[in-house]
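The values are calculated or read from the model by the stated rules, or taken from the named source; none is laboratory data. Since this is a predicted model, take the numbers as computed values, not measurements. Glycine also receives a Cβ, built like all others from the backbone with ideal geometry; neighbour counts cover every protein chain displayed.
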Amino acid sequence: MRFWKLLAAVALVLVAVEPAAARSEGDEQPPKFAGLASATTCVPGPIGGGRMTSYTLRWEPATDNVTRSKKIVYDVYQASAPGGEDFSVPTYTTAAGVTSFVTPQLPADQAVYFVVRARDKAGNSDTNTVERQGQNPCV
């Protein structure tokens with residue numbers, strides 16, 4: 001009986017590990033992605049006093065040698081200073097195939113910077129550094 005439990009545990013581990021290994025085989029190229037095109041909000045009037053706003057980020061879809069554009073996800077990196085993004089952990093990750101993202105509420109009176117990177121199903125990410133500062137054309 002102990003043998004069968006051990007065998008079942010090994011099989012479970014193999015099933016859990018195999019798909020990830022299979023996905024990465026043959027796809028080592030990151031998606032081709034031009035990066036973030038815009039980061040905008042619309043807060044009319046004076047900004048301050050604890051007002052909050054969301055930013056809408058927009059980009060053109062990435063392409064990949066294996067993953068279809070509709071299956072590519074986008075990692076969003078946010079910083080409070082130019083070049084301050086921490087690329088080791090995304091601030092947000094989008095659903096697959098989208099070409100825009102609305103941030104949660106952020107302080108309207110503070111500068112915010114964004115970089116968006118495309119990631120294919122194998123986990124390959126592009127390394128673009130196209131950074132956009134959040135803009136408010138409504139003031």
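Quick look at the values:
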{"read-out": "Where a residue in segment 100-114 is under 14 Å from Val43 (Cβ atoms) and its partner, wherever it lies, is surrounded by fewer than 14 Cβ atoms within 10 Å (Cβ to Cβ) and of a type in the set (Lys, Arg), with Cβ under 6 Å and at least six apart", "value": "Ala108/Arg51"}
{"read-out": "Qualifying strands (runs of 3 or more DSSP E) (wholly inside segment 25-139; at least 2 residues being among the basic types (Lys, Arg) and surrounded by fewer than 16 Cβ atoms within 10 Å (Cβ to Cβ))", "value": "none"}
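Here is a yes/no grid of residues against (1) modelled with pLDDT of 95 or more; (2) of a type outside the set (Asp, Glu); (3) more than 16 Å from the chain's Cα centre (by Cα):
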| residue | (1), (2), (3) |
| --- | --- |
| Arg23 | no, yes, yes |
| Ala39 | yes, yes, no |
| Trp59 | yes, yes, no |
| Glu85 | yes, no, no |
| Phe101 | yes, yes, no |
